[in-house]
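J.: Have a look at this one.
The values are calculated or read from the model by the stated rules, or taken from the named source; none is laboratory data. Everything numeric here is computed off the predicted structure, so don't read it as measured data. FYI the Cβ positions are ideal-geometry reconstructions off the backbone, even for glycines, and counts take in every protein chain you see.
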Amino acid sequence: MTPPTATVSRAVPEARLDGLLAPAGPPRRAGALAASATFGWRAMLKIKHDPKQLTDVIAIPVVFTVLFTYIFGGALGGTPGHYLKTLLPGTLVMGVTACTMYGGARLAQDVTTGVFDRFRSLSVWRGALVLGSLLGDAGRYLLAAAIVVILGVVIGYRPGGGPQGMVAAVALVIAFGLSLSWLWAAVALLVRDPATVMNLGLALVIPPTFASNIFVQPRSMPGWLQAFVAINPISHLADAARDLMNNTGGAGGAVAWSLIAIAAITLVFAPLAIRLYGRQG
Amino acid sequence: MKSGNGRAGASLAIEAHGLVKAYGKDRALDGIDLRVGRGQVFGFLGPNGAGKTTTIRVLATLARPDGGTARVLGFDVVSGAAEIRARVAVTGQFASLDDDLTGYENLVVFGRLRGLSRAASKQRADELLAAFGLTGAAGRPVRAYSGGMRRRLDIGASLIVTPDLLFLDEPTTGMDPRSQIQVWDLVRQIAAAGTTVLLTTQYLEEADQLAGQIAVIDHGRIVAEGTSAQLKAQVGAGTLHIRLLDGQQRSKARAVLAGTLEGAVRMDGDPLALSVLLASPTGATDVGRLIGHAMTRLSDARVAVAEVSLGQPSLHEAFLAFTGNPPGPAATDHEDTYS
């Protein structure tokens with residue numbers, strides 16, 4: 001270091017803190033809700049400043065809906081229009097599920113930068129950062145869902161369940177997405193590397209979406225795969241979305257199954273993520 | 001000076017005994033004892049990887065100690081973490097801001113997280129931006145800030161609610177002298193308002209400028225502690241560098257200097273140069289007078305001098321004085337991830 005000289009000192013326009021440094025009163029603390037809302041606002045600001053990050057959220061549902069309807073639609077469902085009835089609720093599930101790891105990746109990004117320790121040095125509820133990032137996730141899922149639904153209607157899908165069925169299906173799928181958000185948050189806080197979270201996300205999300213009943217009925221699959229498809233929560237969620245959107249009745253079973261899966265995933269991974277956040281290095 | 005915000009009877013802002021923090025086999029902290037009075041600026045001086053940042057992380061409740069105890073503002077760092085977090089602020093290399101957000105947004109976010117209302121957060125953000133000369137940059141993302149602007153905003157974010165204790169981790173590392181002086185001025189103002197400041201630095205000069213009390217840390221241990229004057233007396237007054245016009249006169253010059261100055265005279269690689277590691281003068285004598293005297297004697301002996309300069313004692317020299325060794329390689333690689 002070069003020792004600065006006195007002449008430099010006089011030339012510097014100084015920051016004046018007069019009157020800014022009030023003696024600290026009794027320490028105050030942000031409430032859990034206010035802190036979570038603040039982190040949620042931060043997540044929204046990040047999307048606003050860098051809208052590019054929504055590219056995948058938009059591209060995945062569009063590509064899969066269009067591709068599968070026109071390439072496989074005729075072969076699998078007789079006509080594209082007929083196939084769309086089974087496929088569209090499935091792509092809704094896929095479009096949302098496939099972008100669940102983005103929130104986790106962003107959290108892992110936070111962990112690697114200095115701002116994470118700054119947040120942890122504050123006296124706020126430990127779950128607030130993750131819950132706030134879930135708010136950003138919810139925005140992303142809603143966008144993906146809206147794209148699938150609008151695109152579906154444009155290419156000829158007509159919901160038998162009417163708007164209510166559609167809204168119920170979208171709400172159920174977003175709830176499932178948010179339960180996975182907790183899972184990816186826990187993974188992010190464990191591996192602390194955005195690229196690893198993304199790779200794990202692709203490896204763990206994409207195969208089960210195909211090994212489900214989203215695209216084809218499992219009749220033609222080998223027995224062991226049929227067994228997996230039968231217990232795969234994504235199959236049940238796709239069934240529930242179909243029943244709600246097409247109003248094909250019998251929704252009770254699949255919807256209940258989906259709700260149980262959502263509750264189970266959340267109950268395991270939410271406390272785990274909060275615990276990992278509070279972990280001291 | 002304020003009082004009574006911590007637990008009653010806690011006259012010390014920081015009190016640590018035998019603090020140990022190990023990462024695997026590396027002992028980043030190897031028994032740190034520390035006493036910092038309230039209202040003080042305390043300097044924590046050491047090379048990269050000495051354990052400065054780890055000490056702050058433990059005291060700011062970001063890392064749990066593996067041994068020893070520490071109380072901050074009267075609260076135990078393990079059992080009283082929430083109480084400590086509500087009263088301290090951490091600024092530094094490792095605890096920074098959100099690059100994606102604007103300066104204004106950063107301050108509002110931290111205001112909300114400090115428990116201010118939405119309106120109060122916005123007002124406070126505006127006040128701080130104005131005071132730090134950043135109003136013009138308020139709407140720009142922090143990524144686009146210069147190092148000096150960034151550090152000012154960083155410090156501003158720590159003052160949203162005036163903390164009882166401010167941890168400043170290497171506040172001027174990598175800064176140009178002008179920004180450095182701005183930060184020094186800020187630290188003085190913050191301390192004058194009654195906030196205790198614990199500051200880490202790699203620069204002897206910085207600790208000297210700001211801190212009333214200084215601890216020198218190396219390899220996770222405190223190797224020297226005292227006021228700046230006390231430490232300087234141990235380090236010496238600096239190094240006198242002399243270049244001669246004629247290399248033939250070097251041994252003659254050496255004899256003259258050895259006879260007039262206190263300190264080891266070295267013949268450097270440069271055949272025209274000599275250097276003297278000056279001991280601190282005692283009593284009223286100042287370094288300038290000693291050097292003047294030495295120059296007169298050289299002139300009397302008809303030794304022609306081309307250049308004279310006095311180098312401030314470097315951290316390197318300080319470590320030679322305190323430990324008998326130059327500052328070692330990073331005690332732990334772990335710390336490098338935070339600096």
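J.: Looking at A:G161, A:G152, which one is buried (at least 18 other Cβ atoms within 10 Å of the Cβ) and either over 21 Å from A:D56 (Cα atoms) or among the aliphatic types (A, V, I, L, M) (or both)?
T.: Criteria check complete, one pass: A:G161.
J.: Here's another thing I want to ask about it. Filter the stretch B:98-107 down to the residues that are under 20 Å from B:G133 (Cβ atoms) and either of a type in the set (D, E) or surrounded by fewer than 24 Cβ atoms within 10 Å (Cβ to Cβ) (or both), then identify the one that is farthest from the other protein chains (Cβ to nearest Cβ). Step through it out loud before you land on a result.
T.: Of all residues in the stretch B:98-107, those under 20 Å from B:G133 (Cβ atoms) come to B:101-107.
Checking the rest, the ones that are also either of a type in the set (D, E) or surrounded by fewer than 24 Cβ atoms within 10 Å (Cβ to Cβ) (or both) come to B:101-102, B:104-105.
On the way: B:L101: 6, B:T102: 8, B:Y104: 11, B:E105: 6 Å.
Residue satisfying both the conditions and the ranking: B:Y104.
J.: Out of (1) part of a helix (DSSP H, G or I); (2) more than 25 Å from A:Q109 (Cβ to Cβ), the odd one out for A:F215 is which?
T.: If we test A:F215 against (1) part of a helix (DSSP H, G or I); (2) more than 25 Å from A:Q109 (Cβ to Cβ), just (1) comes out false.
J.: Counting only residues that are in the same structural domain as B:A89 (by TED's automatic domain parsing) and of a type outside the set (S, T, N, Q), give me the helices (runs of 4 or more DSSP H) lying completely in the stretch B:195-269 with at least 1 of them. Don't jump to the end; show me each part of the working.
T.: Details: elements: B:204-210, B:228-235, B:250-260.
Answer list for the stretch B:195-269: B:204-210, B:228-235.
J.: Checking the conditions here, which among A:A37, A:A105 is at the interface with chain B (Cβ under 10 Å from one of its Cβ atoms) and surrounded by 14 or more Cβ atoms within 10 Å (Cβ to Cβ)?
T.: Working: A:A105 fails: at the interface with chain B (Cβ under 10 Å from one of its Cβ atoms).
Residue meeting the stated conditions: A:A37.
J.: Okay, moving on. Against the definition (more than 13 Å from every other protein chain (Cβ to nearest Cβ) and farther than 25 Å from A:A128 by Cα), how does B:L128 come out, yes or no? Break it down into steps so the answer makes sense when it comes.
T.: Values: more than 13 Å from every other protein chain (Cβ to nearest Cβ): no; farther than 25 Å from A:A128 by Cα: yes.
For B:L128, the condition - more than 13 Å from every other protein chain (Cβ to nearest Cβ) and farther than 25 Å from A:A128 by Cα - is not met.
J.: Just to be sure, is A:D117 in contact with a strand residue (DSSP E or B) (Cβ under 8 Å, 6 or more places away or on another chain) and facing chain B (nearest Cβ under 10 Å)?
T.: Working: in contact with a strand residue (DSSP E or B) (Cβ under 8 Å, 6 or more places away or on another chain): yes; facing chain B (nearest Cβ under 10 Å): yes.
Yes.
J.: Applying the selection to the stretch B:94-143, what residues are over 19 Å from A:A30 (Cα atoms), without any contact (Cβ under 8 Å) to a residue 24 or more places away in the chain and in a helix (DSSP H, G or I)?
T.: Residues satisfying the conditions are B:D126, B:E127, B:A130, B:T135, B:G136.
J.: So which residues in the stretch B:161-176 are among the β-branched types (V, I, T) and at the interface with chain A (Cβ under 8 Å from one of its Cβ atoms), if there are any at all? Walk me through it before giving the result.
T.: Taking the stretch B:161-176 first, the residues among the β-branched types (V, I, T) are B:161-162, B:172-173.
Those that are among the β-branched types (V, I, T) and at the interface with chain A (Cβ under 8 Å from one of its Cβ atoms): B:V161, B:T162.
J.: On to the next question. What is the number of the single condition among (1) within 11 Å of another protein chain (Cβ to nearest Cβ); (2) modelled with pLDDT under 95 that B:S146 does not meet?
T.: (1)
J.: Out of B:L231, B:L204, B:L159, B:L257, which single residue is farther than 30 Å from B:A273 by Cα, of a type in the set (A, V, I, L, M, F, W, C) and in contact with a strand residue (DSSP E or B) (Cβ under 8 Å, 6 or more places away or on another chain)? Don't jump to the end; show me each part of the working.
T.: Working: B:L231 fails: farther than 30 Å from B:A273 by Cα; B:L204 fails: farther than 30 Å from B:A273 by Cα; B:L257 fails: farther than 30 Å from B:A273 by Cα.
Unique residue meeting the criteria: B:L159.
J.: Yes or no: the stretch A:174-187 includes at least one residue that is part of a loop (DSSP other than H, G, I, E, B), at pLDDT 90 or above and among the polar types (S, T, N, Q). Even if it seems obvious, please write down each step before you answer.
T.: Residues of the stretch A:174-187 part of a loop (DSSP other than H, G, I, E, B): none.
Within the stretch A:174-187, not a single residue is part of a loop (DSSP other than H, G, I, E, B), at pLDDT 90 or above and among the polar types (S, T, N, Q).
J.: Moving on. Scan A:L244, A:L276, A:L237 and give me the residue that is closer than 27 Å to A:P159 by Cα, more than 18 Å from the chain's Cα centre (by Cα) and touching a residue at least 24 places away in the same chain (Cβ under 8 Å).
T.: Values: A:L276 fails: closer than 27 Å to A:P159 by Cα; A:L237 fails: more than 18 Å from the chain's Cα centre (by Cα).
None of the others qualify; the one that does is A:L244.
J.: Right, another one. May I ask you to verify whether A:T69 is crowded, with 23+ Cβ neighbours inside 10 Å and more than 24 Å from B:A81 (Cα to Cα)? First the steps, then the outcome.
T.: On the way: crowded, with 23+ Cβ neighbours inside 10 Å: yes; more than 24 Å from B:A81 (Cα to Cα): yes.
Criteria met by A:T69.
J.: List the residue pairs whose Cβ atoms are under 8 Å apart, where the first residue sits in the stretch B:168-179 and is assigned by TED's automatic domain parsing to the domain that holds B:L199, the second is aromatic (F, W, Y), and the two are 6 or more positions apart or on different chains.
T.: Listed pairs, sorted by first residue: B:D169/B:F94; B:T172/B:W184; B:T172/B:Y203.
J.: Okay, moving on. From the list B:A253, B:A191, B:A237, which one is closer than 29 Å to B:P65 by Cα, small (G, A, S) and touching a residue at least 40 places away in the same chain (Cβ under 8 Å)? Lay out the reasoning, then the answer.
T.: Working: B:A253 fails: closer than 29 Å to B:P65 by Cα; B:A237 fails: closer than 29 Å to B:P65 by Cα.
Criteria check complete, one pass: B:A191.
J.: Inspect all residues belonging to the stretch B:177-194 and state whether any of them is within 21 Å of B:I84 (Cβ to Cβ), within 12 Å of chain A (Cβ to nearest Cβ) and in contact with a Phe, Trp or Tyr (Cβ under 9 Å, 6 or more places away or on another chain).
T.: Checked against the condition, which is being within 21 Å of B:I84 (Cβ to Cβ), within 12 Å of chain A (Cβ to nearest Cβ) and in contact with a Phe, Trp or Tyr (Cβ under 9 Å, 6 or more places away or on another chain), the stretch B:177-194 yields no hits at all.
J.: Now, a different point. Could you say whether any residue in the stretch B:110-119 is of a type outside the set (G, A, S), surrounded by 21 or more Cβ atoms within 10 Å (Cβ to Cβ), closer than 28 Å to B:A207 by Cα and assigned by TED's automatic domain parsing to the domain that holds B:Y23? Spell out how you get there, then give the answer.
T.: Looking only at the stretch B:110-119, we keep the residues that are of a type outside the set (G, A, S), and these are B:110, B:112-114, B:116, B:118.
Narrowing further to those that are surrounded by 21 or more Cβ atoms within 10 Å (Cβ to Cβ): B:110, B:112-114, B:116.
Cutting the leftovers down to closer than 28 Å to B:A207 by Cα gives us none.
So far as the stretch B:110-119 goes, no, none of its residues is of a type outside the set (G, A, S), surrounded by 21 or more Cβ atoms within 10 Å (Cβ to Cβ), closer than 28 Å to B:A207 by Cα and assigned by TED's automatic domain parsing to the domain that holds B:Y23.
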